[in-house]
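Participant: Handing you a structure now.
The values are calculated or read from the model by the stated rules, or taken from the named source; none is laboratory data. Please read all numbers here as calculations on a predicted model, not as lab measurements. Heads up, the Cβs are rebuilt from the backbone with ideal geometry, glycines too, and the neighbour counts pull from every protein chain shown.
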Amino acid sequence: MITGKTQNLGVIGWPIAHSLSPVLQNAAIAKAGIDYNYTALPVEPEKLAEAVAGLKALHYRGWNVTIPHKTAIMPLLDEIDEDARIIGAVNTVVNDEGRLRGFNTDCLGFMGALVKRQVTIKDEKAVLLGAGGAARAVIWGLVKAGAKEVVLGVRNPAKAESLAAEFSSYGRVTVCHWESEEFSQVLADCALLVNTTPLGMTPKVDACPPVDWSKVNPSAVVYDIIYTPAETVFLRQAREHGHMIINGEEMLAGQGAAALQKWTGCEPDIEIMQEALRNALEN
Ligand code: NAP
């Protein structure tokens, strides 16, 4: 029950009505039996500074940040943690008695699904398909976990080179055209293959990044960060070729769980969050 003592949480974005965060956060809050309430907060781009000041004035305990505010919010905060600084985006703000601290929990969400399955990244080669906004948290998670090399397989290598260069002081990040001969060799050596493009996402579910499955290391784990549909064409093909597959639901639930943990100190039930997410997507 919401009372005068209930602490407020939310997600800011524009538009925000489609956000699944209230569903998964309130499911975890109810399961943990803690006195918090999480709502979607529409914030227009030009009202961001006012909104942040307002949330602080209202003693919100914290909030998630989504498109288009993930980078724009950074100068409005008192402190940015290392992951968020390196990724270049904040998805979680913690309000510690007026001191606003920015975090990025996407890489924790992404890595959590690998850790849970005991997939080893250290000294291994990982291949990403795509090098956009979401790839940044994935690259950082893999570099931090000690990957020997992260290869960005893309349609436009010139564009991805600057992203690779940004991470070069932390680890080996290289770029390869995904239709080149060289890329076949890269696929043969990889322990992990991740789709970070939107190819295959609802409503264009027939789309798929170009992968010659006969060239992929048969023991490679295949991960698609898309969460709708639950099984993309890319993941279906990987499953049919005998690969262990992971979809984007755990990443989404995991980043939310890490945020809730920072606000409340509780250990959220990720499976409840995933179940709530799946039910919401199906309905
Ligand atoms: P983005 O910034 O638009 O980047 C997409 C990347 O895919 C870019 O490298 C882009 O290449 C490439 N790409 C896009 N359309 C393509 C096409 N038709 N053919 C070939 N390459 C194409 O997107 P994003 O924000 O990174 O998001 C990517 C996906 O991740 C979305 O499906 C999103 O829902 C999902 N996601 C999931 C989670 C989660 O928690 N599970 C979190 C964040 C995002 P160019 O640069 O050449 O255009």
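Participant: Would you point out which residue out of 145, 113 is touching a helix residue (DSSP H, G or I) at 6+ places or on another chain (Cβ under 7 Å), away from the ligand (no atom under 16 Å from the Cβ) and within 25 Å of residue 216 (Cα to Cα)?
Facilitator: Matching residue, one of 145, 113: 145.
Participant: Provide a single number: the residues in the range 148-174 that are of a type in the set (A, V, I, L, M, F, W, C), touching a helix residue (DSSP H, G or I) at 6+ places or on another chain (Cβ under 6 Å) and closer than 21 Å to residue 89 by Cβ.
Facilitator: Narrowing the range 148-174 to residues of a type in the set (A, V, I, L, M, F, W, C): 150-152, 154, 158, 160, 163-165, 167, 173.
Narrowing further to those that are touching a helix residue (DSSP H, G or I) at 6+ places or on another chain (Cβ under 6 Å): 150-152, 154, 167, 173.
Still in the list and also closer than 21 Å to residue 89 by Cβ: 150, 152, 154, 167, 173.
Number satisfying all stated conditions: 5.
Table: residues versus (1) within 14 Å of the ligand (Cβ to nearest atom); (2) at pLDDT below 95.
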position: 201; (1), (2): yes, no
position: 204; (1), (2): yes, no
position: 215; (1), (2): no, no
position: 257; (1), (2): yes, no
position: 262; (1), (2): no, no
position: 269; (1), (2): no, no
position: 281; (1), (2): yes, yes
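Participant: Out of 20, 76, report the one residue that is at pLDDT 95 or above, closer than 20 Å to residue 274 by Cα, in contact with a helix residue (DSSP H, G or I) (Cβ under 7 Å, 6 or more places away or on another chain) and not polar (S, T, N, Q).
Facilitator: Values: 76 fails: closer than 20 Å to residue 274 by Cα.
On inspection, the qualifying residue turns out to be 20.
Participant: Also, quick follow-up: If the Cβ limit is 7 Å and pairs must be 6+ apart or interchain, which residue in the range 237-260 that is closer than 9 Å to residue 222 by Cβ pairs with which residue that is buried (at least 24 other Cβ atoms within 10 Å of the Cβ) and among the hydroxyl-bearing types (Ser, Thr, Tyr)?
Facilitator: If the second residue must be buried (at least 24 other Cβ atoms within 10 Å of the Cβ) and among the hydroxyl-bearing types (Ser, Thr, Tyr), the pairs left are 246/223.
Participant: Filter the range 261-278 down to the residues that are in a helix (DSSP H, G or I) and either under 17 Å from the mean Cα position of the chain (by Cα) or free of Cβ contacts under 8 Å to residues at least 12 places away in the same chain (or both) and list them by number. If you could, list the steps in order and put the result at the bottom.
Facilitator: Step one: filter the range 261-278 for residues in a helix (DSSP H, G or I), giving 261-264, 270-278.
261, 262, 270, 271, 273, 274, 277, 278 - these are the residues of the range 261-278 that are in a helix (DSSP H, G or I) and either under 17 Å from the mean Cα position of the chain (by Cα) or free of Cβ contacts under 8 Å to residues at least 12 places away in the same chain (or both).
Participant: Please go through (1) touching a residue at least 12 places away in the same chain (Cβ under 8 Å); (2) closer than 28 Å to residue 85 by Cβ for residue 178 and return the number of the only condition it doesn't satisfy.
Facilitator: It is condition (2) that residue 178 fails.
Participant: Right, here's the next one. Please give the strands (runs of 3 or more DSSP E) falling wholly within the range 1-82 in which 2 or more residues are touching a Leu at 6+ places or on another chain (Cβ under 8 Å) and aliphatic (A, V, I, L, M).
Facilitator: 7-13
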